[in-house]
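Undergrad: My questions all concern the structure below.
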């Protein structure tokens, strides 16, 4: 076998070496791609996950069109603390993910009087991004929005509120949140895309062309640059 190789033309030997090198390079790239996909799936399943904000319930802390990166590790080792923002499976429909602020933890007594939240008889320190859009005080079947409790948070649960207090479906309406429903802890806004009522909407495969063109030409004005890398869950 060695005599056969030695007697082959040099050009043929070089050609075989080049082809072998190309095969090795392709094989290495396939390994890298497969490993990258595997690591991405592992990270998404157990460590990090991206979410988008579809509603106004956390304004002005989070806006429609914010994209946030969240981590899944912290709450596997401890429950949320008061003031932290949490992402969780909606208890009335576990297929939906909600995002709210933890206001009270197990054993706390929660009272809301005329929109003011008290935890263990102390006013809850709302962040400056909390807002109220309705100056009225509701009564009747909607009274729990503005006047609630006192109620004690049961074991293994927390009490959550949206920062847009007059426009949020939260623990005031559907009850305490089981800790096991919590999925992730938001870290920061990694992108923010302002809604635009004038943007073309999807109606058929042909509509993709004006949509792409519109978004490219309006990209600088639609991106909320000041919100990118805005941190979440800073201690209050």
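Table: residues versus (1) more than 21 Å from the chain's Cα centre (by Cα); (2) within 24 Å of residue 230 (Cβ to Cβ).
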{"residue": "95", "(1), (2)": "no, no"}
{"residue": "105", "(1), (2)": "yes, no"}
{"residue": "112", "(1), (2)": "yes, no"}
{"residue": "120", "(1), (2)": "yes, no"}
{"residue": "127", "(1), (2)": "no, yes"}
{"residue": "132", "(1), (2)": "yes, yes"}
{"residue": "135", "(1), (2)": "yes, no"}
{"residue": "138", "(1), (2)": "yes, no"}
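Undergrad: Find the strands (runs of 3 or more DSSP E) located wholly in the stretch 147-201 whose residues include 1 or more that are under 13 Å from residue 99 (Cα atoms), and list them.
TA: On the way: elements: 148-152, 157-161, 182-192.
Fully inside the stretch 147-201 and qualifying: 157-161, 182-192.
Undergrad: Any idea which residue in the stretch 147-164 is surrounded by the most Cβ atoms within 10 Å (Cβ to Cβ), counting only those that are within 14 Å of residue 118 (Cβ to Cβ) and without any contact (Cβ under 8 Å) to a residue 60 or more places away in the chain? Full working, then the answer.
TA: Narrowing the stretch 147-164 to residues within 14 Å of residue 118 (Cβ to Cβ): 147-153, 159, 161.
Now narrow it down to the ones that are without any contact (Cβ under 8 Å) to a residue 60 or more places away in the chain: 147-153, 159.
Values: 147: 17, 148: 19, 149: 16, 150: 12, 151: 17, 152: 15, 153: 20, 159: 29.
The qualifying residue surrounded by the most Cβ atoms within 10 Å (Cβ to Cβ) is 159.
Undergrad: Restricting the search to the stretch 165-188, which residues are surrounded by fewer than 21 Cβ atoms within 10 Å (Cβ to Cβ), farther than 19 Å from residue 134 by Cα and under 18 Å from the mean Cα position of the chain (by Cα)?
TA: 179, 180, 181, 183, 185, 187, 188
Undergrad: Among the residues of the stretch 87-117, how many are touching a strand residue (DSSP E or B) at 6+ places or on another chain (Cβ under 8 Å), under 30 Å from residue 52 (Cα atoms) and surrounded by 14 or more Cβ atoms within 10 Å (Cβ to Cβ)?
TA: Number of matching residues: 18.
Undergrad: Continuing with this model, one more query. Considering only the stretch 135-146, state which residues are more than 13 Å from residue 111 (Cα to Cα) and assigned to a loop (DSSP other than H, G, I, E, B). It would help to see each step written out before you state the result.
TA: Initial filter on the stretch 135-146 (more than 13 Å from residue 111 (Cα to Cα)): 135-142.
Result: 135, 136, 137, 138, 139.
Undergrad: Right, here's the next one. Just to check your reading of the model, which residue among 226, 204, 192, 168 is closer than 22 Å to residue 61 by Cα and free of Cβ contacts under 8 Å to residues at least 24 places away in the same chain? Let's see the steps before the verdict.
TA: Details: 204 fails: closer than 22 Å to residue 61 by Cα; 192 fails: free of Cβ contacts under 8 Å to residues at least 24 places away in the same chain; 168 fails: free of Cβ contacts under 8 Å to residues at least 24 places away in the same chain.
Within the list 226, 204, 192, 168, the selection yields 226.
Undergrad: Go through the stretch 202-219 and give me each residue that's surrounded by fewer than 13 Cβ atoms within 10 Å (Cβ to Cβ) and either within 24 Å of the chain's Cα centre (by Cα) or not in a helix (DSSP H, G or I) (or both).
TA: Start the filter on the stretch 202-219 by keeping residues that are surrounded by fewer than 13 Cβ atoms within 10 Å (Cβ to Cβ), which leaves 202-209, 212-213, 216-217, 219.
The answer is 202, 203, 204, 219.
Only the coordinates and a few stated rules stand behind these numbers; no lab work does. It should be emphasised that the depicted structure is a prediction, and the values quoted were computed from it without experimental measurement. Heads up, the Cβs are rebuilt from the backbone with ideal geometry, glycines too, and the neighbour counts pull from every protein chain shown.
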